[in-house]
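To start, the structure itself, in structure tokens.
The values are calculated or read from the model by the stated rules, or taken from the named source; none is laboratory data. For clarity, every value in this text was computed on a predicted model and none was experimentally measured. When we count neighbours, we look across all protein chains shown, and the Cβ atoms used for this are built from the backbone with ideal geometry, even at glycine.
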Amino acid sequence: MSTQIPQPSQAAPDTTRIHNIGYRAYDGPRLGRAYARRSLFSQSLRGAYGLGRSAKSKVLPMLLFGVMCIPALIFVAVAVVTKQSKLSIEYTQYALYLQVVISIYLAAQAPQSVSRDLRFRTVPLYFSRPIERADYVLAKFGAMASALFILTATPLLILWIGSLLAKMDFAEQTKMFGQGLVSVALLSVLFGGIGLVLAALTPRRGFGVAAVIAVLTVSYGAVSTLMGIAFATDNTGAIQWLGLFSPMTLIDGVQSTFLGAPPGFPELGGPSTGAGVIYVLVVLALIAASYGILMRRYRKVGL
Amino acid sequence: MYNPTVARLTYRALLGRRRALILFLLPAMLLVIAAAVRAFNGADDQVAADVLGGFALATMVPLIGVIAGTGAIGPEIDDGSIVYLLSKPVKRSSIIFTKLIVAIAVTMVFSAVPTFIAGFILNGNGQQVAVAYTVAALVASIAYSALFLLLGTVSRHAVVIGLVYALVWETLFGSLIAGARTLSVQQWALALAQKVTGDGLVTSDVALSTAVALLAAVTVVATWFASHKLSRLTLAGEE
């Protein structure tokens, strides 16, 4: 704007002027920390299903979501057509049967939620907004857990609606549906925490994916193998403690003790009530630990 | 064909810093399980074959194959640093060949060696079980590395696709549909293991000649196709 020739200020102090070139201060509403946290949460949640991203990145989450729901639709169709008095699968067992799908979903989406922020060094940009470390961790954690909850609770909702269509007992079905919801909510928070911790440790997406899958499926495979061997060799006392070493058997132990679910290994029996309390404590400790590790991880990340 | 500099860079990318930890995690788990089974159960040839077949060959080898095979080339394509390698006067086919050798070596070291040790812990190589599964792991390492290296050049989601193949196709469909077993690296490797033990401890659904032919074909075709893909690679922007 200014076309004046710059003058040395000490030569002519009275000719210096500051031009108003029309910049205006922002005087709109400041939406603040809670708004930023909410935005980060909703963006992460949408991102976990590929919404607002390229078509290619929608393929995998939507495919897995479909795979999660199709068996429920089949169960409902069978129940309605053959007029069954009860569904052929328990609400609480559904996630257990489809745990491979849940693991693959988590392995694919947890790294995409946090690893890319680390690799492209966008984390400092987040923290230039009015959010704190706890807000970032809570938003990502909450988004991942909510995405998993949507993935695991939708088939239960389908089953529940289907059971009502098939004129099953409303009160009983609703109670079992509620128990199933509690169980998958616990599962979502636990799995989301574990997935995010493993993904946040590495900026490379591939390694994050492999680490999540390795921890979830391999620990389940190892624990069920050991349980089977302990059962075959009559070390039945050890079985209920072996379940503490894999996330899926932890959830299974909690729901078979407190949520009226049949145990995942019927011939082995579920844990006793005392052991069930320890299962709940371990689940809560793992959730708290994953929050703590994430907070530690983001203390000086990307700076 | 083999370029030592490319090999050194690939080894560093695979094993550098904390990345080797996940590669140590799985073999360590196998050894812990083997020790626990031996302590619970004593030496039993059938149990040894079950553990090695169910955990080592069915889970550990494919997982390590996925990590090593896709990790050898995937991250470089993903972050675009492959252009610095491609702009050097090194043939694309020898880049792929070198990375394949490295991936095979890493997979073999981290899967076949622990399988062998676990076999000895489980039953002291009774009825050649340890040797049989080690041979199977070695052979499977070659085919998995070639297959997953190809995936790494084809897709950005190579790790996920590789895991779906290893976990869903081989384990789930393999146990439900008999036909899927004919098209499974695991069964081809088991055919060789069956040849080593001789009797009924290890069974495979595929004849030995078919298995060897398919293994060789998959390895060669996957490697050729991977170098073909790399020779006309276009770098896509981050989604």
inquiry  = For a quick check of your reading of the model, give me the residue pairs whose first member lies in the range A:50-64 and is more than 9 Å from every other protein chain (Cβ to nearest Cβ) and within 14 Å of B:His157 (Cα to Cα), whose second is outside any helix (DSSP H, G or I) and not basic (Lys, Arg), with beta-carbon atoms closer than 7 Å and at least 6 apart or on different chains.
reply    = A:Lys58/A:Gly50; A:Pro61/A:Tyr49; A:Pro61/A:Gly50
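Can you name the helices (runs of 4 or more DSSP H) wholly within the range B:9-115 that have at least 3 residues being within 14 Å of the chain's Cα centre (by Cα)?
Details: elements: B:19-41, B:45-51, B:61-71, B:74-79, B:82-86, B:92-107.
Passing ranges, in order: B:19-41, B:61-71, B:92-107.
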task = Quick one: A:Thr257 ticks every box in (1) at pLDDT 75 or above; (2) over 18 Å from A:Leu281 (Cα atoms); (3) more than 10 Å from chain B (Cβ to nearest Cβ) except a single one, so which number is it?
result = (2)
inquiry  = Anything in the range A:30-43 that is modelled with pLDDT of 90 or more and either among the small types (Gly, Ala, Ser) or assigned to a loop (DSSP other than H, G, I, E, B) (or both)? List them, or say none.
reply    = A:Ala34, A:Ala36, A:Ser39, A:Ser42
ask   = Looking at the range A:254-263, is at least one residue buried (at least 23 other Cβ atoms within 10 Å of the Cβ) and touching an Asp or Glu at 6+ places or on another chain (Cβ under 7 Å)?
value = yes
query = Which residue, of A:Ala185, A:Ala139, A:Ala147, is touching a Gly at 6+ places or on another chain (Cβ under 8 Å), part of a helix (DSSP H, G or I) and at pLDDT 90 or above?
reply = A:Ala147
request  = For A:Leu118, indicate whether it is assigned to a helix (DSSP H, G or I) and more than 30 Å from B:Pro75 (Cα to Cα).
outcome  = no
request  = Quick one: count up the residues across the range A:211-233 that are within 7 Å of chain B (Cβ to nearest Cβ) and either closer than 15 Å to B:Pro62 by Cα or among the basic types (Lys, Arg) (or both).
outcome  = 6
request  = Report, ordered by the first and then the second residue, all pairs with beta carbons closer than 8 Å, sequence separation of six or more or different chains, a first member in the range B:210-239 that is under 12 Å from B:Val185 (Cα atoms), and a second member that is outside any helix (DSSP H, G or I) and at pLDDT below 85.
outcome  = B:Ala211/B:Ser204; B:Leu214/B:Val206
message = When you check B:Ile104 against the structure, is it β-branched (Val, Ile, Thr), surrounded by 24 or more Cβ atoms within 10 Å (Cβ to Cβ), out of contact with any Pro (no Cβ under 6 Å at 6 or more places or on another chain) and more than 13 Å from chain A (Cβ to nearest Cβ), yes or no?
response = no
request  = Kindly list, by first and then second residue, each pair from a residue in the range A:21-36 that is over 15 Å from A:Ser128 (Cα atoms) to a residue that is modelled with pLDDT under 90, limited to pairs with Cβ atoms under 7 Å and residues at least 6 apart or on different chains.
outcome  = A:Ile21/A:Met1
message = Here is a check on your reading of the model: is B:Arg232 under 30 Å from A:Asp117 (Cα atoms) and in contact with an Asp or Glu (Cβ under 8 Å, 6 or more places away or on another chain)?
response = no
ask   = For the range B:124-163, what are the residues that are buried (at least 20 other Cβ atoms within 10 Å of the Cβ), part of a helix (DSSP H, G or I) and within 14 Å of another protein chain (Cβ to nearest Cβ)?
value = B:Tyr144, B:Phe148, B:Leu149, B:Leu151, B:Gly152, B:Thr153, B:Ala158, B:Val159, B:Val160, B:Gly162, B:Leu163
inquiry  = Condition check: buried (at least 20 other Cβ atoms within 10 Å of the Cβ), touching a Lys or Arg at 6+ places or on another chain (Cβ under 6 Å) and at pLDDT 85 or above. Does A:Pro111 satisfy that?
reply    = yes
ask   = Restricting to the range B:39-57, what's the tally of residues that are surrounded by 20 or more Cβ atoms within 10 Å (Cβ to Cβ) and either more than 9 Å from chain A (Cβ to nearest Cβ) or not β-branched (Val, Ile, Thr) (or both)?
value = 7
key: Failed condition for A:Val81, given (1) surrounded by fewer than 17 Cβ atoms within 10 Å (Cβ to Cβ); (2) touching a helix residue (DSSP H, G or I) at 6+ places or on another chain (Cβ under 9 Å)   = (2)
Which listed residue is under 22 Å from the mean Cα position of the chain (by Cα) and at negative phi, from A:Phe127, A:Phe120, A:Phe177 = A:Phe177
request  = With respect to A:Leu164, determine if the residue is surrounded by fewer than 17 Cβ atoms within 10 Å (Cβ to Cβ), at pLDDT 90 or above and either assigned to a helix (DSSP H, G or I) or of a type outside the set (D, E, K, R) (or both).
outcome  = no
